[in-house]
Amino acid sequence: MLRHLQEHHGWILALLRDADALYAQPQTPPSASYLATRRNAMGRLLTAYQRCVHRELFDPAIDTGDAQDAALARAVKIDCIDLVEGFRAFNRRWIAEDAVERWDEYRPEALRIVERLRRHVREVDAIARRLSASNKEKGGGRLRGNEG
C-alpha cells in the first residue's frame, strides 16, 4: 500500500516541480497548449491516485479500522474528493478561458492549487504511515497491499 501511494505521490510531485519552473516567471506565460497538456496530465494522475488511495487506504481504514482511524480516513477521503473536484473545476474553467491572455488570473489560481496538492501529499503520506503502523500493531490485514 505504501509503495503504491509513494509512486503516485512521486508522479504528482514531479509534475508540481515542473510547475515551479513554469510559474517562477510571472511575466512570461507559456503557450496555451503547454498549459492544457500539463493540466490534462495532472488530471489523469489525480484520477488514478484517487482510485488508488481510496481503494488501498481510506476505504479499508473506514470499513475495518478502529473509531479513531476510521474518522481520520473519512476526513482525509472527503478532503481528497474536494481537492480532485477543485482541480477538475479549475481545469474546466481554463479550457473555456484563455490562460495565456489572462495569465495574471491563471497563475495565482494555479499556484494555490499547486500548494494545496503539496499539502495534501504531505498529509496523506503521514496518515498512511500512521494507519499502516496502526494496522501492523493490530495484526495487519486491514489495509490493502500493506507491504510497508
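List of remarks:
- Filter pass, Ala126 being loosely packed, with under 12 Cβ neighbours inside 10 Å and modelled with pLDDT under 90: no
- Only listed residue being at pLDDT 80 or above and surrounded by 14 or more Cβ atoms within 10 Å (Cβ to Cβ), chosen from Leu143, Leu111: Leu111
- Remark: pairs (first residue in the range 1-28, over 18 Å from Arg130 (Cα atoms) and open to solvent by 60 Å² or more (accessible area, probe 1.4 Å); second residue part of a helix (DSSP H, G or I) and not hydroxyl-bearing (Ser, Thr, Tyr); Cβ separation under 6 Å; 6+ apart in sequence or on different chains) = Trp11/Leu45.
- Selection within the range 67-92 - closer than 15 Å to Ser33 by Cα and either open to solvent by 80 Å² or more (accessible area, probe 1.4 Å) or of a type in the set (Ser, Thr, Tyr) (or both): Arg92
- Restricting Asp79, Asp69 to those that are over 24 Å from Gln27 (Cα atoms) and in contact (Cβ under 8 Å) with a residue 60 or more places away in the chain reduces the list to Asp69.
- Within the range 34-53, the set of residues being in contact with a Cys (Cβ under 7 Å, 6 or more places away or on another chain) and open to solvent by 20 Å² or more (accessible area, probe 1.4 Å) comprises Gln50 only.
The values are calculated or read from the model by the stated rules, or taken from the named source; none is laboratory data. Note that the structure is predicted; figures quoted are calculated from it, not measured. Reconstructed Cβ throughout: ideal geometry from the backbone, glycine too, with neighbour counts over all protein chains shown. Protein only, heavy atoms only, side chains kept; ligands, DNA and RNA dropped before computing areas. Shrake-Rupley method; radii C 1.70, N 1.55, O 1.52, S 1.80 Å.
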